[in-house]
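Asker: Input: one structure, supplied below.
Values quoted throughout were computed directly from the atomic coordinates according to the rules given, and no laboratory measurement underlies them. These figures come from a predicted structure and were not determined experimentally. Virtual Cβ from ideal backbone geometry, glycine too; neighbours counted across all protein chains shown.
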Amino acid sequence: MGLPIIDISFKQLAKTAMIRSERGIVALILKDTTKASSTVFDEGDIPSSLSEANKNLIKDVLKGSPNKIEVYVLGSEGQISEALTYFEGVEFNLMCMPSAESGDISAIKTFIKKMNEVVKYKCDAILANEEADSEAIINYTADDIVVGGKAVTTANHTARIAGLIEGTPLHQSVTFAALSDVDSIENLTKEQADSRIDAGELILVREMGKVRVARGVNSLTTLTDVKGNAFQKIKLRKTLNLIHNDLRRVIVEKYIGKVPNNYDNKCILITEIKNYLDELATEQLIEKVNTVGIDLSAQKKWLKDNTNLDVNNMSEQEIKEANTQSNVFIAISLKVVDAMEDIMIGVSI
């Protein structure tokens, strides 16, 4: 039987998604001499015991103004599994480990997949030069980065980009976000930049005299009918994650094990979700038209497989009101409002 199931599934039918706007939380894994964990809101929270290099990595994340940073420091003999076990019980949105080696990268990818598919908590990771082909992994590949006159590795710069991503409100995207602290980057032609973006790489370009994020994309390149190109956008992925986790939080805190599973109470849950979505619509994060209701197809299938009811001769309302034991089937449909990124202007003289 296992733990109670909280499976909020997002399927793209055309360009449907759910979003919510707030700054996110960065999970930062560091390596130092002593094992530790801490929550950092500003520079005053940075542990004094850390090396200067690690302090600077935390400061890099803070430049982007995320909600907060959850820091886990591996000691001299520490293993990546310790940090991942810790973060399985900590709320975060984007994981970053600037010092990650090959084994660490594999472990992080496995962990992120587990969190999304098994634990049912939506989160992502940013890795350097990692072709993951996954909407949950951001492949940062910018090179020849110079900050304050000093060369910075791609791996170390993932900390700066993680803070930028989670500090960007969801009504905006990181596309063309300026990095004023970066002096210079690799020189790319437009064709080279386009090719790398299409390959699922998050890169930097110079545009209008400033170093900027070229296009806010994750590493997903294999598209399907269920996962179209909207799933390649960091902005949309972030908001999908946040709405999923928000609904999960409400369900865990207010419904699971606390409310009798009858039709009236299902309607209360549906109304609460609808009100939540309507609030997002007023903030222009989703389209005004959205629907929430009993998932008739899923409920009908469950009744057919698990009861003696003649579902083929039941009315739609009878199916909605039928006893489904501990199971609740809800379907949500809406459209996301993306940020302006591709603008074509025709000028007539």
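Asker: Non-local amide H neighbours of SER134 (under 5 Å, H modeled in plane, Pro and chain starts lacking H): which ones?
Answerer: Amide H neighbours of SER134, under 5 Å, 5+ apart: SER219, LEU220, THR221.
Asker: Taking H as built 1.01 Å from N, whose amide H comes closer than 5 Å to the amide H of MET95, not counting residues under 5 places away?
Answerer: HN-HN under 5 Å from MET95: ALA27, ASP124, ALA125, ILE126.
Asker: Same structure again: Between the range 160-177 and the range 64-121, what's the alpha-carbon centroid distance in Å?
Answerer: 20
Asker: Nearest 10 degrees is fine. How inclined is helix 154-167 to the longest principal axis of the chain, computing both from alpha carbons?
Answerer: The angle comes out at about 50 degrees.
Asker: If you line up the Cα atoms of the range 25-213 on their principal axes, what length do they span on each, largest first, in Å?
Answerer: Cα extents, longest axis first: 43, 37, 33 Å.
Asker: Once you've got the GNM for the chain with C-alpha springs shorter than 10 Å, pick whichever of GLU166, GLU77, GLU186 has the biggest mean-square fluctuation.
Answerer: Looking only at GLU166, GLU77, GLU186, the biggest GNM fluctuation is shown by GLU77.
Asker: Next up: What is the antiparallel percent of DSSP beta bridges lying wholly in the chain, to the nearest 5?
Answerer: Taking every DSSP beta bridge with both residues in the chain, the antiparallel ones total about 55 percent.
Asker: So what J values fall out for the range 215-232 if you push phi through Karplus, 6.51 cos²θ - 1.76 cosθ + 1.60 with θ = phi - 60°, rounded to Hz, Gly and Pro as x?
Answerer: After applying 6.51 cos²θ - 1.76 cosθ + 1.60, I find 7, x, 10, 9, 8, 5, 10, 8, 9, 9, 5, 7, 10, x, 5, 4, 6, 7 Hz.
Asker: Mind listing the long-range amide H neighbours of SER184? Cut-off is under 5 Å, sequence gap 5 or more, other chains count too, H placed in the peptide plane at 1.01 Å from N.
Answerer: Correct list: VAL146.
Asker: Whole-Hz Karplus ³J(HN,Hα) for the range 92-108, in order, using 6.51 cos²θ - 1.76 cosθ + 1.60 and θ = phi - 60°, x for Gly and Pro?
Answerer: 7, 10, 9, 9, 9, 9, x, 8, 4, 9, 3, x, 5, 4, 4, 5, 5
Asker: Which order do peptides 217-224, 85-92, 267-274, 127-134 fall in by mean Cβ count within 10 Å, highest first?
Answerer: Ranking the peptides 217-224, 85-92, 267-274, 127-134 by packing returns 127-134, 217-224, 267-274, 85-92.
Asker: Calculate one ³J(HN,Hα) per residue across the range 267-275 by plugging θ = phi - 60° into the Karplus curve 6.51 cos²θ - 1.76 cosθ + 1.60, and present them in order as whole Hz with x for glycine and proline.
Answerer: Per residue, the Karplus-derived 3J(HN,Hα) values read 5, 5, 4, 4, 5, 5, 5, 4, 4 Hz.
Asker: Compare ASP143, ASP264, ASP310 in a GNM of the chain, Cα atoms joined below 10 Å, and give the one with the largest fluctuation.
Answerer: Top of the fluctuation ranking is ASP310.
Asker: Hey, another quick one. Would you calculate, for the chain, the mean residue ellipticity at 222 nm contributed by helices, counting each DSSP H stretch of 4 or more residues as -39,500 (n - 2.57) and dividing by all residues, to the nearest 500?
Answerer: -10000 deg cm²/dmol
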